[in-house]
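Laboratory data are not the source of any read-out in this text; all were calculated from the coordinates shown. Everything numeric here is computed off the predicted structure, so don't read it as measured data.
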Amino acid sequence: MKNTYEEAVLKVVMWWSDKAFRTPMNQDNGADSDTGFMTFMLMNILSDKAQEKVTEEQIRKFEDKLTELLMKASCKWERDLDVDYHPCSTLVEAAIFAGIDCSCFPCKSWTQIREDNRVFAKYKYGGDSVEL
């Protein structure tokens, strides 16, 4: 059965909520050097501390704001959310609105709502693209 746009948005919002706030953080930048390893360790420490501070009320506010932003999205790039090392502007806006530290987001992750409302996601460096 085909998703409506609203169903696709809900899948994306809940995916980010789960991965950013309810999944123990294990940042991986894919670097295999000593410097890359130290960066990876520092990212994990900062992410863990930020994640521990997030409340259920903040998560609800984030989910509501992200839903609002995605429902207003008028073009493809506004529906594609990603984190390379820093989250995209849409995720940042929702996090700031909810008072959440942006280091909670898993790096090298993304979601995409396609034109047919199919939803795809990739979690962390080296993760597989999966249909939600």
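Laid out as a table, the results:
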{"read-out": "In sequence order, calculated HN-Hα J values of the range 110-126 (Karplus, 6.51, -1.76, 1.60; Hz; x Gly/Pro)", "value": "7, 10, 8, 9, 7, 4, 8, 6, 6, 10, 10, 8, 9, 10, 6, 4, x"}
{"read-out": "Lysines whose Cα lies under 17 Å from that of LYS108, excluding same-chain neighbours fewer than 8 positions away", "value": "LYS19, LYS122, LYS124"}
{"read-out": "Length added when fully stretched, GLU57-HIS86, from 0.36 nm per residue minus Cα-Cα", "value": "8.1 nm"}
{"read-out": "Other-chain or far-sequence residues with amide H under 5 Å of SER109's (modelled H)", "value": "VAL83, LYS124"}
{"read-out": "Overall form of the chain per C-alpha gyration tensor (a/c, 1.5; a/b vs b/c)", "value": "oblate"}
{"read-out": "The range 85-102 - phi-based ³J(HN,Hα) in whole Hz, Karplus 6.51/-1.76/1.60, Gly and Pro as x", "value": "9, 10, x, 5, 4, 5, 5, 4, 4, 5, 5, 4, 4, 8, x, 9, 5, 5"}
{"read-out": "Cα long-axis angle, helix 56-71 against the chain (0 to 90 degrees, to the nearest 10)", "value": "50 degrees"}
{"read-out": "Using θ = phi - 60° and Karplus 6.51 cos²θ - 1.76 cosθ + 1.60, couplings along the range 9-21 (whole Hz; Gly, Pro as x)", "value": "4, 4, 4, 5, 4, 5, 5, 5, 4, 5, 5, 7, 10"}
{"read-out": "Net length gained if the chain between LEU10 and SER74 were fully extended (0.36 nm per residue, minus Cα distance)", "value": "21.4 nm"}
{"read-out": "Residue-span extension gain [SER129 to THR23] - 0.36 nm each, minus C-alpha spacing", "value": "36.4 nm"}
